[in-house]
1. Keeping to the stretch 63-99, report how many residues are assigned to a loop (DSSP other than H, G, I, E, B) and closer than 28 Å to ILE144 by Cα.
2. Scanning for something more than 10 Å from the ligand (Cβ to nearest atom) and in a strand (DSSP E or B), does the stretch 140-163 turn up at least one residue?
3. Got a number for residues in the stretch 13-41 being farther than 24 Å from VAL84 by Cβ and buried (at least 17 other Cβ atoms within 10 Å of the Cβ)?
4. Hey, can you tell me all the residues within the stretch 44-69 that are over 24 Å from GLN159 (Cβ atoms) and hydrophobic (A, V, I, L, M, F, W, C)?
5. Condition (residue is surrounded by 16 or more Cβ atoms within 10 Å (Cβ to Cβ) and of a type in the set (Ser, Thr, Tyr)) applied to the stretch 193-208: is it met by at least one residue?
6. With the condition kept exactly as written, say whether any residue in the stretch 112-129 is under 21 Å from VAL188 (Cβ atoms), part of a loop (DSSP other than H, G, I, E, B) and not hydroxyl-bearing (Ser, Thr, Tyr).
7. List pairs: first in the stretch 162-180 and farther than 16 Å from TYR151 by Cβ, second part of a helix (DSSP H, G or I) and of a type in the set (S, T, N, Q), Cβ under 9 Å, 6+ apart or cross-chain?
8. Return the residues of the stretch 23-42 that are of a type in the set (Val, Ile, Thr) and within 14 Å of the ligand (Cβ to nearest atom); say none if nothing qualifies.
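The values are calculated or read from the model by the stated rules, or taken from the named source; none is laboratory data. Predicted, not measured: the structure shown is a model, and the values here were computed from it. Neighbour counts are summed over all protein chains in view; Cβ atoms, including those assigned to glycine, are modelled from backbone coordinates with ideal geometry.
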Amino acid sequence: MKFFVDTADTAEIADLAATGLLDGVTTNPTLSAKAGKDFIEVTREICALVDGPVSAEVVALDHATMMREAEVLRKIADNVCIKVPLTIDGLKTCKALTSEGTQVNVTLCFSANQALLAAKAGATFISPFVGRHDDNGFDGMYLIRDIRLIYDNYAFETQILVASIRHGVHVLESARIGADVITAPPAVIKGLFKHVLTDKGIEGFLADWAKTGQSIV
Ligand code: E4P
């Protein structure tokens, strides 16, 4: 399973990229606004920090303007992935861009039928939002199970990119279901490294090692 980080904070991205475990980045207009920098400039900086896909979202609602925005965005770097909303115009744009070989991430997916349409439109990634479903009293992971089943039934190549992840259980369930990618905030990814027994174990080992008075280097 690939790990993408969901942020436009370049310091956080650089920090995670240094682990060698980061496969890509997703941003959205809210995250880009939060970065407080010029959108094109910050997208260029992010693209230079990772080799994998960097999702940059269009903000137009009509197909023609989405195509013009995508034209600007895809010139930023080779690893830009154009993010479009799951609307009729978004999927028209997805079909046009993927037919030309541009990577597209279809975002704001909340139903399996929407995911089916995105796959038919040739989406590179589909982004179902699990956390926002949970917030509204529906277990978002059911959506991921349905999409996995449907994509496998028809051998669709669209990758399931689990988005709106809130905690480690979402990551674990995504891996169990066989999602292709997760995108999560930096704090959630960093939290995956942690376990209280790991910390306690290190503490104990170091205390015993100190008693030997030796050093390795
Ligand atoms: C995905 O690409 C979105 O940027 C993101 O996961 C949205 O998450 P949120 O529901 O926490 O805003």
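1. Here is the first cut: in the stretch 63-99, the ones assigned to a loop (DSSP other than H, G, I, E, B) are 75-79, 86-87.
After this cut, where a residue has to be closer than 28 Å to ILE144 by Cα as well, the list is 79, 86-87.
Counting residues in the stretch 63-99 that are assigned to a loop (DSSP other than H, G, I, E, B) and closer than 28 Å to ILE144 by Cα gives 3.
2. yes
3. Residues meeting the conditions: 2.
4. ALA60, LEU61, ALA64 - these are the residues of the stretch 44-69 that are over 24 Å from GLN159 (Cβ atoms) and hydrophobic (A, V, I, L, M, F, W, C).
5. Quick first cut of the stretch 193-208, residues surrounded by 16 or more Cβ atoms within 10 Å (Cβ to Cβ) only: none.
No: the stretch 193-208 contains no residue that is surrounded by 16 or more Cβ atoms within 10 Å (Cβ to Cβ) and of a type in the set (Ser, Thr, Tyr).
6. Narrowing the stretch 112-129 to residues under 21 Å from VAL188 (Cβ atoms): 125-129.
From what's left, part of a loop (DSSP other than H, G, I, E, B): none.
No, the stretch 112-129 has no match at all.
7. From the stretch 162-180, the pairs are ILE165/SER174.
8. Filtering the stretch 23-42 down to residues of a type in the set (Val, Ile, Thr) leaves 25-27, 30, 40, 42.
Within the stretch 23-42, VAL25, THR26, THR27, THR30 meet the criteria.
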